[in-house]
Every structure is written in C-alpha cells, then in structure tokens.
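Reading through the structure tokens given below for one structure.
Just so you know, all these numbers are worked out from the coordinates, no wet-lab data involved. Computed from a predicted model, the values in this text were never measured in an experiment. No Cβ is skipped: glycine too gets one built from the backbone with ideal geometry, and neighbour counts run over all protein chains shown.
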Amino acid sequence: MTTSAAVQPPIAPHLLRRFALRMARKVPTHGLGAHLRRRGGQSMEFREFSHYQPGDDIRRVDWMASMRVGGRSDLLMRHFEAEERRTLCILIDGRAAMHLPVAAPKVQIAIWAMLCLVEISVEAGDQVILGTLFHDRDGRPLKVSGAPARQAAQALARELLTPPDWRAAPMARTSAIRRLMPPTSTTVLLTDALFDGADGVVTALLAELQKGYREVVIGALDAWPAERHLLEAGPLRLAPLEGTSFGDAVLEAPQSALDMAETNMAAHLERQRRLWSRGGLVWPRRPLRWPAEPQDPEEWFRAEFLSADFLRPLLSRA
Amino acid sequence: MIWVAVISGLACAGAIMWHMLDARFTETRVSMARFLPALPETSARRYRFRLTRLVTSGRFWLRMVILALLMLALLPDFLTIGAARSERVGLNIVLDMSDSMRSTDASGQSRFELAEAAIATILEAGEAVAGARPFCASVTGVARQALSVPDVTNATPRPENVLPAALRLAGQRAATPGCAATHAVIVTDLPPLVATDAEDARPELWYQVGAPAPNAAITSARLDGAGLGLTGTTLSITISDPSGTATLNVTGPDGPLRASLEQDLRDPALRRAAIETATAGPYLLTLTDATGDAYDGDNRARLVLPEVTSARVDWQLASLPLPAGLAQDTEANALLVASLSGGPPDRVALLTFAGRPAANPSIGFFQEGDPLLETLNLDVFETLDLPVTDLPDGFVPILADTSGAVWLARRLSPPAILVPELRLSGGSDARNTTLVLFFNALRDLVELPQPRLTLTWERPDGTPVPGADLEGASTRPLAPAPDLSQIGSRPAPPEPLPAYPWLIAAALLLLAIERFWSLSWRRAAAEVSA
C-alpha cells in the first residue's frame with residue numbers, strides 16, 4: 001500500500017455525505033446518541049409546538065396555528081432547534097500494538113476511520129479535535145474546523161504510521177486533551193482497548209469526557225481472528241512487545257491456549273467497559289472486526305466501515 | 001593443488017548449505033500476546049534444509065554472480081573488449097640470455113656487453129623516433145635453460161630453432177604492466193629469422209651482436225662396441241678445433257687416458273680421437289690449449305660409457321675359428337653356426353652348405369637391397385661356380401640361379417640363413433666372396449645395437465651447460481644492425497582491451513547492492529526481533 005493511499009479516506013467524500021444524510025433521516029431520535037442532549041434555540045429549523053406558558057416570549061406565538069386550534073387561552077408557541085456547532089473529538093490509540101497485525105494494522109484502520117469521520121464533520125461544519133493516546137504526540141492535540149481539518153488529519157495519520165518502538169511501554173498523557181475539550185462534545189476513541197490501563201489515566205480521561213453534555217463513543221477495533229490465524233500457522237517465536245519479552249524459545253499455540261487467550265481478552269474488555277462507563281459511554285457490543293485472512297484491507301474497509309455500530313450514534317440527529 | 005580444490009569445494013558446499021538453511025518457525029508479533037497463557041515449546045527441529053530457499057534466494061544468486069565475475073577477472077587473457085589503437089611507442093626489448101652470449105670476440109668483449117651497448121642504442125633511437133609521443137620500454141630475458149620446450153616445439157621441432165622461436169615468441173607475447181609494447185626488438189647473437197608479415201603481429205627488429213669467432217668445442221662422442229673383428233669397445237670423440245692446437249684430455253674410470261687427435265678427412269675443422277678397449281664407467285673430457293676459443297662452455301664434458309656385452313654363439317664350424325668379439329655358448333637359445341647336415345634346425349642358425357654344382361651359374365633372382373648382399377660383386381659371383389642347394393621349407397630365396405636353386409636363403413622365424421660353405425683355399429675371389437656372404441649373414445644375425453652416448457657439458461666449477469653444442473656455434477655470419485628508424489614507422493596494431501577492470505567494477509557494484517540488500521534485510525529482521 002502506498003503512503004498516499006494510507007492517508008486518504010478509502011471511501012469517496014460523496015458517498016460519505018450520502019451516508020451521513022441517510023443516517024440523519026433513518027436513525028431514531030430516541031435512545032442513545034450524541035444529539036439527544038441538544039437544546040432548543042434560535043435557529044430556522046422547527047423543533048416542536050407547545051402551549052403558551054406565562055413568561056414565554058410572545059414573539060414566538062404561532063398565531064395562525066393558534067387560530068386553527070382553539071381560543072384565546074390556547075396560544076401555541078413555536079420552538080426551534082438550537083444551532084450549536086457540534087465538536088467531535090477523535091482520539092486514536094497510538095500504541096505499538098496498534099501496528100499489528102502487519103498485514104492489516106489496526107492503526108491503519110483507525111486512521112481510515114478518522115479520515116472518514118473528519119470528512120463527514122467538515123461537510124457538517126462541525127469542529128474537530130484530533131488527538132492520540134499512548135503516542136509521542138499525546139500532548140499536541142489539534143482543534144480545527146473546515147477544510148484545514150483534512151490536512152491536519154492527514155498529517156496526524158503520517159505521524160501515526162511511522163514505525164513504532166516495539167519495546168517501549170505505552171504511556172498516555174491526557175492533560176492537553178482535557179484542557180481543549182468544550183462543555184458539549186462527542187469523543188470517539190479508536191482503539192482495541194487491550195491496553196492495561198492499570199494506572200487509571202485513560203479511565204480518568206474518559207470519565208472527564210462524559211461529564212455534562214459530553215459523551216464518549218468507543219470505536220472498537222478487533223483483529224483477533226487474524227492474529228489467531230497467525231498463531232495457528234505453526235511453530236513460532238514471539239517477538240517482544242511493549243516492554244514484555246517472551247524469550248527465545250520456539251513455541252506452539254494449541255487450540256486450548258488460544259481459547260484461553262480469547263477468554264482472557266473478553267474478560268479484560270468487560271472490565272474496561274465497567275471501569276469506563278459513566279453514563280455518557282457508547283460502546284457497541286459488535287466491534288469492527290476483520291477476518292482471519294483479509295484480502296485487500298482497503299476493499300474490506302470500504303465494505304465494512306459504513307455498517308460499523310459505533311457510527312450510528314455519531315450520525316443520528318435528534 | 002588437490003587440497004586447495006578440496007577446501008574450495010567444501011567451502012562452496014558449506015555456503016550452499018548455509019543458503020539452504022531455513023527456519024521452521026516464524027518470528028511472530030501479536031498485539032494480544034500478553035493475554036496468551038504460557039505456551040509449550042515445540043518438539044520440531046528449529047531449522048531444515050530447503051532447496052527452494054536456495055533457488056529463490058536472490059542474494060545467493062547475486063553472490064554467485066559476483067564470484068563468477070571475480071573468477072573471470074582472474075583470467076585477463078580470456079576476456080577482452082574491443083581494441084584500442086594507441087599513439088604510444090612501447091618497446092619490448094627481448095634479450096637473449098643464453099649461454100652463448102658469454103662468448104667473447106677478438107677484442108675481449110663478451111656478447112652480453114655488446115648487447116648492453118645495443119640496448120642503449122635502441123633506447124636512444126626509440127626516444128628519438130617517439131618524439132612527443134609517450135615512450136616506454138621493457139626488457140625481457142629469455143634463456144635456453146628456462147625454455148619450456150613443449151610450448152615451442154610445435155612450431156619449431158628442431159632443437160637449434162627452439163631458442164630463436166622463443167625469442168620471437170617473447171617479443172610478441174611479453175607485456176609489462178603500464179607499458180603496452182607496440183614494437184619488439186630482439187637482441188641476440190643468433191642469425192635473424194625471417195620477419196613475419198602477419199597483420200596482427202607486433203613489428204619486430206632483429207638486432208644481432210657478436211662478430212664471428214673461431215671456437216674449439218667437444219662436439220660429440222660415439223661408442224663402437226665389440227663385434228666380429230673387434231675384441232673391445234672403442235670410444236670415438238669428435239672435437240671442433242679450427243686452429244688445430246687444442247689438446248683433448250680424457251679421464252676414465254681407471255685414470256687419465258691417452259687420446260691422440262687425428263684430422264677428419266671430410267671436415268678440416270674437426271679432429272677425432274679413438275680410445276680402444278675403453279672401460280665402462282664415467283669419463284671426463286677436457287679441451288685445453290685451443291687458440292681462438294670464443295666460447296668456453298663446451299670445453300668440458302662428461303659421459304658415461306655403458307657396459308658392452310659380447311654376442312653369444314654356439315660355434316660348430318671347424319673351418320673357421322670363433323671371432324674374438326664373440327663368446328662361445330652351447331645353450332640352445334644361442335646362435336648356431338654350423339654346416340648343414342640334413343634339414344635346418346628349428347633354432348636361430350647360420351648354416352653353410354656343401355650343396356651341388358650349379359647347372360647354370362647365372363643369377364636368376366636376387367633380393368635387391370638385402371643386407372646379405374652388401375659389398376657383393378654379382379658379376380664376380382657368377383664366375384665362381386659356387387654350389388647351390390634346394391630351397392628348404394620355411395626359407396625364402398635371397399640369391400638364386402635360373403633353375404630356382406639357391407645360393408643364399410633366409411628364414412624369418414626362427415631366424416636362419418643359408419650360405420655356401422667357405423672356400424678358404426679356393427683362390428682370392430672365391431675366398432673373399434664366401435667370406436663376405438658368411439660374415440654378412442653372421443653380422444645380420446648377431447648385430448648388436450650401439451649404445452647411445454650422451455655428452456653433458458659443464459663449466460670448470462661443475463655448473464651444467466645445457467645445449468652447449470648449440471651455444472658454441474660462434475662462427476655464424478653477423479647480420480648488419482637493423483634500421484632503428486623503423487621503430488614507430490609502422491602503426492602499432494590495436495591492443496585488445498582487457499575486460500577485467502569492468503568485471504571487477506561490476507562485481508564491486510553488485511557487492512555494494514548485495515551489502516545494501518543484506519543491510520536492509522538485517523534491519524528488517526532486527527526490527528521484527530526488537
């Protein structure tokens with residue numbers, strides 16, 4: 001794959017726009033979603049009628065509707081959507097483990113997802129905050145809007161694609177993101193959620209990002225089938241990763257061990273879910289999972305991304 | 001050499017096996033590794049040999065190509081690319097280093113000293129002819145002792161032609177690094193060979209040095225072994241002595257021998273000495289007191305005289321005693337010399353027969369050129385009325401009358417000869433003729449091969465002088481000095497450009513690629529295992 005292709009959204013912008021409009025119409029306005037917390041305001045977009053209450057602005061009375069409905073005491077008030085610009089914060093897990101599996105790295109999928117979300121946000125006029133976790137760039141999140149957001153996203157993608165230090169233990173710095181985050185925002189964390197998190201830094205950040213009108217959507221990436229396929233291929237020597245060394249021995253991975261690893265992972269994810277949940281967390285049960293032997297990762301992304309569960313709450317309009 | 005081949009073969013085999021080595025495991029990195037329980041070690045071997053790994057290994061083939069290029073580069077004469085014509089004047093001076101160049105002329109100067117002066121002259125002429133053009137010269141020595149005779153005998157089989165051919169060969173082949181020869185000048189005391197006109201030959205000049213000078217030399221030795229009339233071996237020594245003053249000293253196994261020299265009747269420059277009943281063993285020949293002796297390498301020689309044994313015969317002939325050079329032997333395998341009685345015996349034999357008078361003594365048949373008829377006057381023979389006999393079975397006639405009866409007959413196997421009986425009292429012609437026939441036949445049956453004598457020349461201090469008989473030919477005419485202005489007159493033939501610099505450059509380039517490739521590969525491997 002060329003570097004150019006790696007930092008371009010695989011899905012054409014017009015398809016993304018069409019998809020966003022369709023989601024805005026079809027996704028139900030009740031239930032979970034970023035826009036449930038939006039308030040009534042002064043925009044041109046009609047929201048609802050209500051009966052007049054003392055103290056209401058008399059200028060909002062819909063006289064014609066009131067004449068049709070009833071008498072003097074049955075004045076109807078028109079309410080409009082509040083035209084607040086949404087702020088979408090996209091955080092990408094930048095651990096070395098995200099560069100695996102080599103054939104279709106998770107970080108590449110996360111980058112493509114970021115680029116598509118940025119494209120949709122730019123078209124909607126939203127403000128975008130781009131940041132990383134467990135990466136050298138953690139302290140320098142970007143707050144952009146409009147067309148420059150595309151260039152910023154591509155620059156960030158290039159930085160994320162640089163070969164990682166496989167031995168370095170992951171460490172997250174979150175203070176910059178916290179300072180930058182507005183009171184109303186939606187944060188998307190693109191990660192496999194397999195990091196340890198024992199230090200509680202990420203948990204604290206996610207709790208902060210769920211306060212008030214904020215919400216957090218976990219864009220879970222799952223490459224376990226592909227990695228399981230690698231482990232089943234035959235004798236192997238495990239290379240060191242993120243501060244953990246596995247020795248020089250040539251090993252075999254029996255099915256029982258793989259099943260146990262799968263169980264361990266599921267338990268770990270469930271534990272993370274409990275830790276992170278503060279009322280504003282959206283973590284769909286179905287992650288974005290790619291098959292054991294992915295064909296062309298770009299083709300697979302085009303086919304699967306738009307049906308990812310974590311997109312629905314992001315694109316609904318209440 | 002065989003060890004080098006074995007070690008090279010083992011090294012190649014090791015390299016090939018190393019390239020065939022393939023890991024049976026994969027270096028794997030997975031993001032969920034920390035969730036894996038402790039995995040068991042595999043029981044399979046870590047490595048295996050795979051031919052496909054060798055075939056598909058680009059780096060292996062790259063290394064093989066580099067090796068092949070370097071081996072080709074080691075054979076500079078094998079590969080050439082094009083040819084370049086140069087303005088350079090490069091002189092390849094070939095100096096005859098053979099022993100004859102030590103010869104001195106009347107002035108006392110050796111031919112080496114004359115050659116030294118000639119080379120200085122040639123260099124001056126070369127520089128003058130080259131003018132502004134680049135000029136260089138190299139000197140190549142060719143000695144008879146260092147000649148590899150098989151290299152030149154194909155073209156010049158005669159020994160005396162070996163050295164001139166080698167000189168010419170050196171002029172055409174020799175090249176000095178940094179001085180590609182365009183012309184060859186051969187400095188020698190040998191007469192010039194006819195210049196070659198081959199288009200691709202390097203122009204050559206033949207510069208002969210040394211005026212003709214008389215030379216005394218031991219030229220050859222011959223052994224005349226004991227035979228029919230001789231009772232001992234005779235050592236004959238021939239010397240070349242134009243002045244006629246030389247003295248030949250001979251020391252045999254029993255001490256000094258007297259050797260009186262006699263003039264050769266056919267060649268006044270040759271003198272011969274004969275030493276009779278010479279004892280077998282080593283001999284030292286020394287020539288002294290020669291006047292006008294240009295070359296001293298042929299004045300002292302050694303030879304080994306072999307033991308000469310007498311022929312053994314069973315002599316039963318009463319009319320003639322056993323010759324002094326023969327030994328009596330009654331064994332059945334010895335030559336029988338006897339009168340014919342009854343049929344001829346089935347053994348090697350010389351038989352005389354009494355026979356019957358010839359009905360017609362005219363010669364009806366004779367075997368022309370047969371050695372039995374040597375020195376025989378057939379006209380006299382017909383007048384002698386010698387007896388004849390019928391041809392026995394197994395014999396072929398050599399001399400027969402008109403009726404078919406034979407005077408002389410031969411059997412091939414086992415060899416036997418019939419001759420008329422001796423008439424020792426029958427007048428001069430009859431006696432001589434029957435004796436000629438008898439001794440011709442006897443010589444034919446008992447003739448011994450003459451041992452070949454080889455002379456080994458040496459200096460007074462014992463240093464061998466190979467081919468001294470050829471080196472001492474100092475009386476040859478002296479050719480005039482060549483016209484040295486010819487140097488550079490004829491354009492030098494194009495010199496083939498060697499391909500080895502390009503081969504080495506290509507090998508180095510490929511080596512750099514291979515190293516870079518290996519570095520990338522190792523870096524990738526290090527990243528995987530990091």
Expressed in angstrom and rounded, the centroid-to-centroid distance over alpha carbons for the range A:273-318 and the range B:272-347 is 121 Å
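Report for the protein assembly as shown the percent antiparallel among DSSP-assigned beta bridges with both residues inside it, nearest 5.
Values: 70 of 128 bridges.
Bridges in the protein assembly as shown that DSSP calls antiparallel: roughly 55 percent.
Antiparallel DSSP bridges in chain A: what percent, to the nearest 5? Don't jump to the answer; show the numbers that get you there.
Details: 14 of 36 bridges.
Taking every DSSP beta bridge with both residues in chain A, the antiparallel ones total about 40 percent.
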Note the angle between two axes, namely the Cα long axis of helix A:13-26 and the longest principal axis of the Cα atoms of chain A, as a number of degrees from 0 to 90, rounded to the nearest 10. 60 degrees
Can you give me the pair-distance distribution of the range A:195-318, C-alpha pairs, 5 Å bins, whole percents? 2, 9, 14, 17, 17, 16, 13, 7, 3, 1, 0, 0
Whole-number D in µm²/s for the protein assembly as shown (Stokes-Einstein; Kirkwood sum over Cα pairs; 10 °C, 1.306 mPa s): 39 µm²/s
Going through the range B:300-399, which trypsin sites (Lys or Arg not before Pro) have at most 16 other Cβ atoms within 10 Å and a DSSP loop state? B:Arg347
Other-chain or far-sequence residues with amide H under 5 Å of B:Arg459's (modelled H): B:Val465
Rounded to the nearest 10 degrees, the helix A:148-161 long axis (Cα) sits at an angle to the longest Cα principal axis of chain A of 20 degrees
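If Rh is defined by the Kirkwood formula over all Cα pairs and Rg also comes from Cα, what ratio Rg/Rh do you get for the range B:239-317?
On the way: Rg = 16.2 Å, Rh = 14.5 Å.
Reported Rg/Rh, Kirkwood definition of Rh: 1.12.
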What share of all Cα pairs of the range A:61-160, in percent, falls into each consecutive 10 Å distance bin? 15, 34, 17, 9, 10, 10, 5, 0
Say each of B:Leu391 and B:Gln367 gets a label point 7 Å from the Cα, pointing the same way as Cα to Cβ; how far apart are those two points in nm? 1.1 nm
Would you mind putting B:205-217, A:151-163, B:321-333 in packing order, based on average other-beta-carbon counts within 10 Å, highest first? B:205-217, A:151-163, B:321-333
Name the residue, out of A:Ala168, A:Ala24, A:Ala198, whose mean-square fluctuation peaks in a Gaussian network model built on chain A with Cα pairs under 10 Å. A:Ala198
Out of residues 5 or more away from B:Ser103 or on other chains, whose amide H comes under 5 Å of its own, with H placed 1.01 Å from N in the peptide plane? B:Arg111
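Can you tell me what share of the DSSP beta bridges in the range A:176-281 is antiparallel? A percent to the nearest 5 is fine. It would help to have the intermediate numbers written out before the result.
On the way: 2 of 9 bridges.
If we restrict to bridges inside the range A:176-281, about 20 percent are antiparallel.
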List the chymotrypsin sites (Phe, Trp or Tyr not before Pro) within the range B:11-114 that fall in a DSSP loop (any state other than H, G, I, E or B) and whose Cβ has at most 14 other Cβ atoms within 10 Å. B:Phe78
Expected max-MSF residue from A:Gly200, A:Gly280, A:Gly247 in the GNM of chain A (alpha carbon, under 10 Å) is A:Gly247
Would you mind checking which residues have amide H under 5 Å from A:Leu133's amide H? H placed 1.01 Å from N; only 5 or more apart, or other chain. A:Ile92, A:Asp93, A:Gly94
Go through A:Pro297, B:Gly342, A:Ala267 and say which Cα lies farthest out towards the positive end of the charge dipole of the protein assembly as shown; charges sit on Cβ, +1 for Lys and Arg, -1 for Asp and Glu. A:Ala267
Angle check, please: helix A:255-276 long axis (alpha carbons) against the longest principal axis of chain A (alpha carbons), in degrees 0 to 90, nearest 10. 30 degrees
Could you work out the mean count of beta carbons from other protein chains within 10 Å of each residue's beta carbon in B:21-27? 4
Shielding by partners - mean other protein chain Cβ count within 10 Å, residues of A:216-224: 1
Apply the Karplus curve 6.51 cos²θ - 1.76 cosθ + 1.60, θ = phi - 60°, to the phi angles in the range B:38-48 and return the couplings in whole Hz, x for Gly and Pro. 4, 8, x, 6, 6, 8, 6, 5, 6, 10, 8
